[in-house]
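Read through the structure below, which is laid out as structure tokens, and then see the notes.
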Amino acid sequence: MRVVIDTIVFISSFITPGTLSKIIDLWKKGRITLCLSKPIVEEYLEVLKQLGLEDEQMVDEILLLFGRGFNSIFTAKTSNFQIFEENPHDDKFFQCAVALKARYIISGDKAILAIDDYVGIKVVTPKQFVDLMDA
């Protein structure tokens, strides 16, 4: 199942036990395929750098998994449509999801979650997603 994971959820999934870490476990076990684009990967890395984690083993592991295409697909090209006027940087998650035909966008961001469904792509919280996968 193809999913897009927003930056805070993705980064937090590596360092927060519980529901968030279950999302990364689903990815590592191959139960979900992570949909990526250049702007998303760049933001993941920028946030890790801001947190002072760019030299950590975790970052090396993430980059290695991305480089190998481990349970992930990458799009080099996305449509440049706009959903968010106030935070256009959030558009990249929807642009990637549309380009790679993801079924879900997993987010904790209230503005992103307010969309609920975009052209058949469901927008869910991490807990909602884990509950769906456990059902």
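Every number in this text was worked out from the coordinates using simple rules, so none of it is lab data. Computed from a predicted structure; not experimentally measured. Quick reminder, even Gly has a Cβ in these numbers, built from the backbone with ideal geometry, and neighbours come from all protein chains shown.
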What length, rounded to one decimal in nm, is gained on full extension from residue 60 through to residue 84, with 0.36 nm per residue of separation minus their alpha-carbon distance?
5.4 nm
Please give the peptides 71-83, 122-134, 99-111 ranked by average Cβ packing (other Cβ atoms within 10 Å per residue), highest first, as a rough proxy for protection.
99-111, 122-134, 71-83
Subtract the Cα-Cα distance of residue 113 and residue 42 from 0.36 nm times their separation in residues, and report this length gain in nm to one decimal.
23.4 nm
Among the lysines, which fall within straight-line cross-link reach of residue 49, defined as a Cα-Cα distance under 19 Å, with same-chain neighbours fewer than 8 residues apart omitted?
38
With each label point set 7 Å from Cα along the Cα-Cβ vector, what nm distance links residue 128 and residue 8?
1.6
Give or take rounding to whole Å, what are the principal axis extents of the alpha carbon atoms in the chain, in descending order?
37, 33, 25
Under the rule of -39500 (n - 2.57) per DSSP H run of 4 or more residues, summed and divided by the residues of the chain, what mean residue ellipticity at 222 nm is obtained, to the nearest 500 deg cm²/dmol?
-14000 deg cm²/dmol
